[in-house]
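Peer 1: One structure follows; several queries about it will come next.
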Amino acid sequence: MKFKHLFLSVIIFVSCVDNSDKITVCNTINPLEELVWLKEIKIGFEQSSFFSKKKIIQYTYQNKSVFLIDICNNCADNLTAVYNCTGNVICEFGGIAGVNTCPDFDKYATNEILLWEN
């Protein structure tokens, strides 16, 4: 009987652990490892990192977590894309045509976190 009470006490204690200090992004603790599409981009960057400087940066934009993928940092005519949590492009900057589909990104993107860089 005592074992049963001890067992139930342990179960209750474990289920009441406070995880509120863990910040989640896109319903993950580590988006770079848990979001399949983002992990695939990172692996691709790691395999070709000697060609150019690359970055993956997380921001908050329009009250949502987004990821800026810079495939050639400081390269002329580089097209940089911003993705949402599901891996869809929400805006792009640069390129030879001077694309800028989120002209307010620099002004309103906050909480910059460098996730990966070579």
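The values are calculated or read from the model by the stated rules, or taken from the named source; none is laboratory data. Because the structure is predicted, anything quoted here is derived from the model rather than measured. Glycine also receives a Cβ, built like all others from the backbone with ideal geometry; neighbour counts cover every protein chain displayed. These accessible areas exclude ligands, DNA and RNA; they are computed on the full protein's heavy atoms, side chains included. Shrake-Rupley method; radii C 1.70, N 1.55, O 1.52, S 1.80 Å.
Peer 1: What number of residues within segment 66-92 satisfy the criterion of being part of a strand (DSSP E or B), of a type outside the set (D, E, K, R) and open to solvent by 30 Å² or more (accessible area, probe 1.4 Å)? Please lay out each step first, then the result.
Peer 2: Our first condition is that a residue be part of a strand (DSSP E or B); within segment 66-92, this holds for 66-70, 79-83, 89-92.
Then keep just the ones that are of a type outside the set (D, E, K, R); that gives 66-69, 79-83, 89-91.
If we keep only those that are open to solvent by 30 Å² or more (accessible area, probe 1.4 Å) as well, we get 79, 83, 89-90.
Counting residues in segment 66-92 that are part of a strand (DSSP E or B), of a type outside the set (D, E, K, R) and open to solvent by 30 Å² or more (accessible area, probe 1.4 Å) gives 4.
Peer 1: Okay, moving on. Name the residue that is farthest from N27 (Cα to Cα), counting only residues in segment 93-107 that are in contact with a strand residue (DSSP E or B) (Cβ under 6 Å, 6 or more places away or on another chain) and open to solvent by 70 Å² or more (accessible area, probe 1.4 Å). Give the steps one after another, and end with the answer.
Peer 2: So the first thing to find is which residues in segment 93-107 are in contact with a strand residue (DSSP E or B) (Cβ under 6 Å, 6 or more places away or on another chain), and the list is 93-95, 99-102.
Next, only the ones that are open to solvent by 70 Å² or more (accessible area, probe 1.4 Å) stay: 100-101.
On the way: N100: 28, T101: 26 Å.
Per the stated criteria, the residue is N100.
Peer 1: So, one more: Is it fair to say S52 is modelled with pLDDT of 95 or more, in contact with a Cys (Cβ under 6 Å, 6 or more places away or on another chain) and outside any helix (DSSP H, G or I)?
Peer 2: Working: modelled with pLDDT of 95 or more: no; in contact with a Cys (Cβ under 6 Å, 6 or more places away or on another chain): yes; outside any helix (DSSP H, G or I): yes.
In short, no.
Peer 1: Would you point out the residue of segment 108-118, among those that are among the hydrophobic types (A, V, I, L, M, F, W, C) and surrounded by 12 or more Cβ atoms within 10 Å (Cβ to Cβ), that is farthest from Y61 (Cα to Cα)?
Peer 2: So, considering only residues that are among the hydrophobic types (A, V, I, L, M, F, W, C) and surrounded by 12 or more Cβ atoms within 10 Å (Cβ to Cβ), the one farthest from Y61 (Cα to Cα) is W116.
Peer 1: Restricting to segment 93-118, name every residue that is over 20 Å from I43 (Cβ atoms) and part of a loop (DSSP other than H, G, I, E, B).
Peer 2: Correct list: G95, I96, A97, G98, T101, C102, P103, D104, A109.
Peer 1: Restrict the check to segment 64-80 and report whether at least one residue is modelled with pLDDT of 95 or more and farther than 21 Å from K107 by Cβ.
Peer 2: Start the filter on segment 64-80 by keeping residues that are modelled with pLDDT of 95 or more, which leaves 64-69.
Among the residues that remain, those that are also farther than 21 Å from K107 by Cβ are: none.
No: zero hits.
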